[in-house]
Amino acid sequence: MRNKFFIIGISILVLTTIVYILYDVGLVFMVILTLILLVGYANTIQQKHAILRNFPVLGYFRYLFEMIAPEIQQYFIERTTDGKPFSRNQRTIVYQRAKNIDATTPFGTQLDINQSNYEGIKHSIFPTVVNEELPRVLVGGPDCKQPYSASLLNISAMSFGSLSENAIVALNKGALKGNFYHNTGEGGLTQFHQQGGDVTWQIGTGYFGCRNANGGFDKDKFTEKANLPEVKMIEIKLSQGAKPGHGGVLPASKNTEEIAKIRGVEPHTTILSPPGHSAFSDTKGLIEFVAQLRLLSNGKPIGFKLCIGKTSEFEAICQEMITQNCYPDFITVDGAEGGTGAAPLEFSDGVGMPFEPALIFVNKTLVFFGIRDRIRVICSGKIISGYSILRAVALGADICNSARGFMFSLGCIQALRCNTNTCPTGVATQDRMLMKGLVVADKYERVYHFHKNTLHAANELLAAAGKNSFAEVDINIFMRGDEFSHLSDLYFPDNLKSVTRY
Ligand SMILES: Cc1cc2nc3c(=O)[nH]c(=O)nc-3n(C[C@H](O)[C@H](O)[C@H](O)COP(=O)(O)O)c2cc1C
């Protein structure tokens, strides 16, 4: 291929030169061809890229296509029900609700609802009246001195660093307008989170914002921030679904001087938070840490976030709560299908329990230990619609968080570049040029509308199910396709035999 390239290239160059000498035309073409031949030559002698060594110019097309493959996939190949992690239909509903425009669909479902994995709500013939008020849930057990009335839907943890300054400001302003909370993520509480919206301050293993010189927990720094009026709740991050047992990753390209200063780390280096906490190393220590944070924050709601792994460890935590008579005010359960700014693929694809079994397990275990009524269960895992909220509540959640849903509301197009600093929508980048595309004044309104319209949709579904409040929702309002998949049931339903005729 290399030889062909040079034989053909040089032949054309010779011809062009002759034409130029004879007719005085083709100079530009000659210069371009010479440049291409020089680049081609440089590629044949470099030793890093095999493709470019063998295909000195054509090889570049591979890189170009690889670069634009996600866009080609999304714009030309993907069907409305395809697309991962979120289908086009799922993304579209968020965009429509965020823009506060018509979010209806025409012509009926595009799903194959005769599949055994079909799920639906058993609606009632006697629907209730749709509540126009958006649902709220009080967080704070008996030991909490400053309970917080949380919205049923809130912004899940995403740090400044992983998201841009404009994205964080828009999220917080949206939270202020819609009266819901904004979780800071493990990157710490920054001025961009302090636009007036309620904040859940997350403390990760890097203790950013309350970190001492050795990278450990600093009591005084914590106390100062924890008592700010906008900090409504404090969440200890044990793990997150996309990378349980790994710790946070901030790629060097996103670790700017400003972020490094906020976090107290070296700029332009990749920041890996440790997988585990240094403030405690066992269940006893974790519950003692909950008690310590409650004391230092003057009784604000304290909880922890985790992705379930070894179930016995969660059971041991519950036992420890009873032993110490100290209970977190909330537990946030993150499904293994959760999102992230950056994670090793092995961790995203192969570690941790998915959302559905995890939520059922946590709820049942708390009930088993007799402590469910003291603790609010918060959940996150692809919650982007009214349906997913109702389903989460049915599986045992009190409150829902959404991360990627709110990213879509900011204009995220699922470009899958959060880890490269080249996010084209300015949501997950620290590149000032790209960030400029995200206009806070417009996007915070979208954050507000997405929250409002999604909860309104949840209220509508609740009414369709014939329920008056989310407390009445349980798994029995859902049906699965496989309940009806036996042919004998389909055509001669057994259950009809047991119907009494009056
Ligand atoms: C860009 C990005 C950054 C995230 N950063 C954090 C973080 O700092 N701390 C954390 O606990 N979870 C973090 N998460 C996980 C989310 O908070 C959430 O638990 C997970 O994505 C599931 O919710 P979702 O399906 O609504 O995205 C992050 C997720 C994304 C997409």
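The values are calculated or read from the model by the stated rules, or taken from the named source; none is laboratory data. Owing to the predicted nature of the structure, the values given are computational and were not obtained by experimental measurement. Glycine gets a Cβ as well: all are built from the backbone with ideal geometry, and neighbour counts include every protein chain shown.
Worth a mention:
- Residues that are within 14 Å of the ligand (Cβ to nearest atom) and part of a helix (DSSP H, G or I) within the range 255-297 comprise Ile259, Ile262, Arg263, listed in sequence order.
- Strands (runs of 3 or more DSSP E) contained in the range 85-157 and holding at least 2 residues without any contact (Cβ under 8 Å) to a residue 12 or more places away in the chain: none
- Exactly one residue out of Val31, Val25 is over 22 Å from the mean Cα position of the chain (by Cα), in a helix (DSSP H, G or I) and free of Cβ contacts under 8 Å to residues at least 60 places away in the same chain: that is Val31.
- Any chance Leu134 is surrounded by 18 or more Cβ atoms within 10 Å (Cβ to Cβ), at pLDDT 95 or above and within 16 Å of the ligand (Cβ to nearest atom): no
- Filtered by the rule that a residue be buried (at least 20 other Cβ atoms within 10 Å of the Cβ) and within 16 Å of the ligand (Cβ to nearest atom), the range 356-375 gives Ala358, Leu359, Val362.
- Tyr118, sole failed condition from (1) aromatic (Phe, Trp, Tyr); (2) closer than 23 Å to Phe330 by Cβ; (3) more than 16 Å from the ligand (Cβ to nearest atom): (2)
- A count restricted to the range 386-426 and to residues that are under 18 Å from His449 (Cα atoms) and either surrounded by 24 or more Cβ atoms within 10 Å (Cβ to Cβ) or within 11 Å of the ligand (Cβ to nearest atom) (or both) stands at 14.
- Residue match in the range 312-326 (condition: within 16 Å of Thr365 (Cβ to Cβ), small (Gly, Ala, Ser) and within 16 Å of the ligand (Cβ to nearest atom)): no
- Residue check: Asp431 meets all listed conditions (1) in contact with a Ser or Thr (Cβ under 8 Å, 6 or more places away or on another chain); (2) over 23 Å from Gly120 (Cα atoms); (3) within 15 Å of the ligand (Cβ to nearest atom) but one, namely (3).
- Asp398 vs. criteria without any contact (Cβ under 8 Å) to a residue 40 or more places away in the chain and among the charged types (D, E, K, R): no
- Residue in the range 203-223 that is surrounded by the most Cβ atoms within 10 Å (Cβ to Cβ), counting only those that are assigned to a helix (DSSP H, G or I) and in contact with a strand residue (DSSP E or B) (Cβ under 9 Å, 6 or more places away or on another chain): Phe222
- Residue list for the range 224-254, restricted to those being assigned to a helix (DSSP H, G or I), within 18 Å of His193 (Cβ to Cβ) and away from the ligand (no atom under 13 Å from the Cβ): Glu224, Lys225, Ala226
- Qualifying residue in the range 179-200 (condition: more than 27 Å from Asn421 (Cβ to Cβ) and free of Cβ contacts under 8 Å to residues at least 12 places away in the same chain): no
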